[in-house]
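This report refers to the structure that appears directly beneath it.
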Amino acid sequence: MKKVVLLGAGYANMALLKSLPSNVWNENEYEFLLISNTPLHYFSVLLHEVASGVCEEEITLPLNAILPKNVKFIQDKVIRIEQNLIQAENDTYEYNILVVGLGFQSDNFGIVGIKEYADSIVNYQGALALKQKIVNALRDYAVKGDVESFKIAVCGAGFTGIEFIGSFVDELVQIRKELNIHQEKIKITCIEAMPNILPMFNPKLSSSAKTYLEEKNITFELGCKILECEKDGIIVEKNGQKEKIDASLIIWTAGVKGNQVMEDSTFFTTQRSKVEVNAYLQPINQANQELMQNVFVIGDCAALKDPLTQRFYPPTAQMAMQQGEFLAKLLVQKLQGKNFSEEFSYKPKGTICSIGSQYAIGYVGKMNIKGKSALWLKRAIEATWKFKLVGLKAFNKTF
């Protein structure tokens, strides 16, 4: 049997598998195999809630409960991709058609000390570890009864940084009570090179998010270029001057790039661990272009240009899901030996950034929204995705 191998169990590949028509499983000449280093699908857009301690299991679903029964799952860590072969930690796997939907990794942009002294939020296990690290550090601080404040520096004021801060500042209320730490003893500073937070939003929306967090005693250091990370702080350049922002704990949310597997695979030509793809989500500008006819890259590892602006789309869960849904239709055509009938066209439906349990900002179409209504809409979108994965019966059991 010919093998269709999917790498990664994120939004892109799950959307693909859930969008395949039922008759595709009747094709006896093809076998579908999903390889992932975790037995879970997790909602990566909610990793900040895991790291802040708000939730854990609620954002994960076991793959054996949501995968179509005709898809074989193998838990293994992919090391390298080669021509017609996947090199993994425990075995090698052949493929005839390959779909790469591996996740992202943190991008430190070569800044000294980030890798050694900062923690990032890029996967479920890492988010759990960060949550425990924060709790342990605050417990130690409470036991010692230090006179100095406990200072947390969050580097980056994009989606992950702001959503983490908003979620954590709510959770911190309960943590402080349990550990008997006064509010003024914990300082949270967000460091950002841009002059504003959440630059992807309307300035008024971004300003409202900043004001909301400042009222919760969050300090913003904007226009600060991060030069170096040290064990006890961040060296920045602000207004042409170098200065140090002290920190007991440093969290890096200032950038992400594609999966390291892409960079380690000489089979691909990459930039920032991403592969540029065409409107059929196939790799382009490759040294071995003739070998890419049966390879597709979706999600965080795919670099796709907006045909109007010629700029690369930012990686989002929404983009990944649309790519997966599109590729499901395209794969059916390929398996049937037909030519591709359409090109991928991204249709943004809106964006919402949650800032804790009581507030969010965003836009749907041309309409800006904020407050609890925006938060409710975001939760409804997350529930819709869960419904698509688990179905009505299982969905009702969890709500």
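A single entry from Ala142, Ala129 fulfils the requirement of being in contact with a helix residue (DSSP H, G or I) (Cβ under 6 Å, 6 or more places away or on another chain) and not assigned by the TED database to the domain that holds Lys334: Ala142. Pairing each residue of the range 148-169 that is at pLDDT 95 or above with any residue that is charged (D, E, K, R), provided the two are 6+ apart or on different chains, yields C-beta distances under 6 Å for Lys151/Lys187; Lys151/Asp246; Ala157/Glu192; Ser167/Glu49; Val169/Lys216. Within the range 260-273, residues that are over 12 Å from Asn288 (Cα atoms) and touching a residue at least 60 places away in the same chain (Cβ under 8 Å) have Cβ atoms under 9 Å from residues that are of a type in the set (Asp, Glu) and assigned to a loop (DSSP other than H, G, I, E, B) in these pairs: Arg272/Asp107; Ser273/Asp107, counting only partners at least 6 apart in sequence or on another chain. Filter the range 235-246 down to residues that are touching a residue at least 24 places away in the same chain (Cβ under 8 Å) and open to solvent by 10 Å² or more (accessible area, probe 1.4 Å) and give me whichever is farthest from Leu222 (Cα to Cα). Selected residue: Asp246. Within the range 167-205, being more than 30 Å from Lys242 (Cβ to Cβ), more than 23 Å from the chain's Cα centre (by Cα) and part of a loop (DSSP other than H, G, I, E, B) holds for Asn180, Ile181, His182. Which count do you get for residues in the range 76-103 that are under 18 Å from Leu16 (Cα atoms), surrounded by fewer than 21 Cβ atoms within 10 Å (Cβ to Cβ) and touching an Asp or Glu at 6+ places or on another chain (Cβ under 8 Å)? So the answer is 0.
If you check Phe326 against the conditions, is it under 24 Å from the mean Cα position of the chain (by Cα), over 22 Å from Ser106 (Cα atoms) and not in a strand (DSSP E or B)? Give the derivation first.
Numbers: under 24 Å from the mean Cα position of the chain (by Cα): yes; over 22 Å from Ser106 (Cα atoms): yes; not in a strand (DSSP E or B): yes.
Spelling it out, Phe326 is indeed under 24 Å from the mean Cα position of the chain (by Cα), over 22 Å from Ser106 (Cα atoms) and not in a strand (DSSP E or B).
Checking each residue in the range 49-68 for being part of a loop (DSSP other than H, G, I, E, B) and either surrounded by 22 or more Cβ atoms within 10 Å (Cβ to Cβ) or free of Cβ contacts under 8 Å to residues at least 12 places away in the same chain (or both) picks out only Cys55.
Within the range 91-109, the residues that satisfy the criterion of being within 26 Å of Lys257 (Cβ to Cβ) and not β-branched (Val, Ile, Thr) are Tyr93, Tyr95, Leu98, Gly101, Leu102, Gly103, Phe104, Gln105, Ser106, Asp107, Asn108, Phe109. Determine whether Gly145 is open to solvent by 20 Å² or more (accessible area, probe 1.4 Å) and either touching a His at 6+ places or on another chain (Cβ under 6 Å) or under 25 Å from Glu276 (Cβ atoms) (or both). Criteria not met by Gly145. Taken as a whole, the condition of being under 23 Å from the mean Cα position of the chain (by Cα), of a type outside the set (A, V, I, L, M, F, W, C) and over 21 Å from Pro315 (Cβ atoms) does not apply to Asn239. The C-beta contact set for the range 173-187 (first residue among the aromatic types (Phe, Trp, Tyr), second residue part of a helix (DSSP H, G or I), distance under 8 angstrom, 6+ apart or interchain) is empty.
When residues in the range 358-392 are screened for being of a type outside the set (Ser, Thr, Tyr), surrounded by fewer than 16 Cβ atoms within 10 Å (Cβ to Cβ), within 19 Å of Lys210 (Cα to Cα) and without any contact (Cβ under 8 Å) to a residue 60 or more places away in the chain, 2 of them pass.
Of the strands (runs of 3 or more DSSP E) that lie entirely inside the range 1-48, not one contains 1 or more residues that are buried (at least 22 other Cβ atoms within 10 Å of the Cβ) and without any contact (Cβ under 8 Å) to a residue 24 or more places away in the chain.
In the list Ser345, Ser341, which residue meets the criterion of being farther than 22 Å from Gln271 by Cα, hydroxyl-bearing (Ser, Thr, Tyr), at pLDDT below 95 and more than 20 Å from the chain's Cα centre (by Cα)? Reasoning before the result, please.
On the way: Ser345 fails: at pLDDT below 95.
Just one listed residue meets the conditions, Ser341.
Restricting attention to the range 326-347, does a residue exist that is touching a residue at least 24 places away in the same chain (Cβ under 8 Å), touching a strand residue (DSSP E or B) at 6+ places or on another chain (Cβ under 8 Å) and either open to solvent by 70 Å² or more (accessible area, probe 1.4 Å) or aromatic (Phe, Trp, Tyr) (or both)? For the range 326-347, residues touching a residue at least 24 places away in the same chain (Cβ under 8 Å), touching a strand residue (DSSP E or B) at 6+ places or on another chain (Cβ under 8 Å) and either open to solvent by 70 Å² or more (accessible area, probe 1.4 Å) or aromatic (Phe, Trp, Tyr) (or both): absent.
For the range 82-128, residues that are over 24 Å from Glu228 (Cβ atoms) and in a helix (DSSP H, G or I) total 4.
The values are calculated or read from the model by the stated rules, or taken from the named source; none is laboratory data. The structure displayed is predicted, hence computed values, not measured ones. Ideal geometry is used to build each Cβ from the backbone, glycine not excepted, and the neighbour counts take in all protein chains shown. The protein model used for the area step is the full one, side chains on, heavy atoms only, and it has no ligands, DNA or RNA in it. Shrake-Rupley method; radii C 1.70, N 1.55, O 1.52, S 1.80 Å.
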